[in-house]
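Q: Have a look at this one.
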Amino acid sequence: MTEPADRPRIRLKPKANARGLRHGFPWVYANDIVTDRRTRKIAPGALAVLEDDKRSPIALVAVNPASKIMCRVLDRDISADLNADWFETRLTRALQMRERLFDALYYRLIHAEADGFPGVIIDRFGDACVIQPNAAWAEAHLDHLTAALVKVTGVTTVLKNASGRTRGLEGLDDVNQTLRGAAPEAPLPVPMNGATYMADLTGGQKTGLFYDQRPNHAFAARLVQPGAQVLDVFSHVGGFGLAMLAGGAGQALCVDGSAAALELATKGAQASGFEDRFQTRQGDAFDVLTQLGEEGAQFDVVICDPPAFAPSKQALDAGLRAYERIARLAAPLVKPGGYLGLCSCSHAADLGRFRDASARGIGRAGRQAQLIHTGFAGPDHPQLPQLAESGYLKAVFFRL
């Protein structure tokens, strides 16, 4: 391990926000750094000491000259050593909170910057964990991270998921790996909110299941009266639909463009004992919503949980139009006095803009609405207050 005195020094430009970094902002963009031939030659994932423009140390950072986020803050102690103790201490701190919050071993264990692991996601599925090392420093220290994860949690299987655009932006590969144990040969059952979900840890989206919507699934289930007809659009593996069936819905229709996701949703319905009340329809969500409107279909609760329509600031305007369109198409499908839940995982679309776009769509559909609840990601997805991007998930629920 490189000694602190031997570590490269990265210096901020005079106009960079050194105060923000001292107060907890975790990223340093390339255009805020004095770059020269020496800094550009630093290996991706290497450690360095970040200094302000007067050469006063600020933090220990991981460097990636190939990324727009050139430095990620790892530790306020510039002499910190990323050894086994460093990883074990942070993993233990994260685990202690999850153990207090959850009775079962199914949760997000590490939520990137908010848990002190910039760019790293770890989801737990009982005795298995899936790591997404989405930053070069995490890839470089993956052996340490994996060993510490096994020691702290006692899991027997650790998988690396290398999908997602973030790794490409960091110059990393897209090769998945089995780091410990053996990869599951079939989807794993995951109990949540009274239902059973099927998580495909090797072939599914991201880590195999989205834990972030768990509290919003639970709220949607509270809106259901016995026998209610519910619609779950962009359902993935049945997130809202299965939760509402567990809450007493009489029939759930799940819509998604992925046949594989709907097959997992169907298996989840079977494992939950809901198969006789569960239906799917594969197709483009906008098309299916239009078709359902033409058919005169009506539901007591409609939920739309699309992928990120505004993944960047450049895509914001188009994304907001898409959210408005979803609301306009979904609102007519809600019975009078029924409920409409609309979700966004776009960090570029803040809550105010998303809520306004949703309200415009409902109004354009000729419906009147009461906003009754605003939901966010669960507590296993903590937010870093200084980093707006960590509060990406929003869910707004209306009574129409």
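The values are calculated or read from the model by the stated rules, or taken from the named source; none is laboratory data. Keep in mind the model is a prediction, meaning the values are calculated, not measured. So basically every Cβ, Gly included, is an ideal-geometry build from the backbone, and we count neighbours across all protein chains shown. Side chains included, ligands, DNA and RNA excluded: accessible areas come from the protein's heavy atoms. Shrake-Rupley method; radii C 1.70, N 1.55, O 1.52, S 1.80 Å.
Q: Taking the Cβ of residue 338 as the centre, find all other residues whose Cβ is under 12 Å away and add up their charges (Lys, Arg: +1; Asp, Glu: -1).
A: Numbers: positive: 335, 367, 399; negative: 300.
That sum, taken over residues with Cβ under 12 Å, equals +2.
Q: Could I ask something else about it? Could you estimate the translational diffusion coefficient of region 147-192 from the Stokes-Einstein equation, with Rh from the Kirkwood formula over C-alpha pairs, at 4 °C and 1.567 mPa s, in whole µm²/s?
A: 103 µm²/s
Q: Evaluate the distance, in nm, between pseudo-label points positioned 7 Å from the Cα of residue 93 and of residue 350 along their respective Cα→Cβ axes.
A: Label at residue 93, label at residue 350, 2.8 nm between them.
Q: Which order do the peptides 270-283, 186-199, 151-164 come out in when sorted by mean C-beta neighbours inside 10 angstrom, highest first?
A: Top of the packing list down: 186-199, 151-164, 270-283.
Q: Here is a follow-up. So, by mean Cβ neighbours within 10 angstrom, what's the order for 137-143, 232-238, 302-308 with the highest one leading?
A: Ranked by mean Cβ neighbours within 10 Å, highest first: 232-238, 302-308, 137-143.
Q: Something else about it: Out of [x] 41, 25, 17; [y] 50, 21, 17; [z] 36, 22, 20, which label holds the value of semi-axes √(5λ) of the Cα gyration tensor in Å that was computed here?
A: [x]
Q: Do you know the Lys pair count in the chain for C-alpha distances under 23 Å, with sequence separation 8 or more or different chains?
A: The result is 16.
Q: With a sphere of radius 11 Å drawn around the Cβ of residue 257, what net charge do the other residues whose Cβ falls strictly inside it have (Lys, Arg +1; Asp, Glu -1)?
A: Net of charged neighbours comes to -2.
Q: Restricting to DSSP H runs of at least four residues, report the calculated mean residue ellipticity at 222 nm for the chain, -39500 (n - 2.57) per run over all residues, nearest 500 deg cm²/dmol.
A: Value at 222 nm, helices only, nearest 500: -9000 deg cm²/dmol.
Q: Could you give the length gained on full extension between residue 173 and residue 76, defined as 0.36 nm per residue of separation minus the Cα-Cα distance, in nm? Don't skip to the answer; put the middle values down first.
A: Values: separation 97, 0.36 × 97 = 34.92 nm, distance 2.94 nm.
Working it through step by step, the gained length comes to 32.0 nm.
Q: Okay, moving on. Between region 271-310 and region 210-266, how far is it from one alpha carbon centroid to the other, in angstrom?
A: Cα centroid of region 271-310 versus Cα centroid of region 210-266: 9 Å apart.
Q: Quick one: putting +1 on the C-beta of Lys and Arg, -1 on the C-beta of Asp and Glu, what dipole do you get for the chain around its Cα centre, in Debye to the nearest 20?
A: Using Cβ point charges on Lys, Arg, Asp and Glu, the chain gives about 1360 debye.
Q: With Cβ to Cβ distances under 12 Å as the rule, what net charge do the other residues near residue 175 carry (K, R +1; D, E -1)?
A: Spelling it out: positives minus negatives among the neighbours equals -1.
Q: Among 341-347, 381-387, what's the highest-first ranking by average C-beta atoms within 10 angstrom per residue?
A: 341-347, 381-387
Q: Another question, if that's okay. At a probe size of 1.4 Å, how large is the accessible area of residue 351, to the nearest 10 Å²?
A: Accessible area of residue 351: about 50 Å².
Q: Which whole-number percent of Cα pairs in region 298-341 have a distance greater than 16 Å?
A: Counting every Cα pair in region 298-341, those more than 16 Å apart make up 42 percent.
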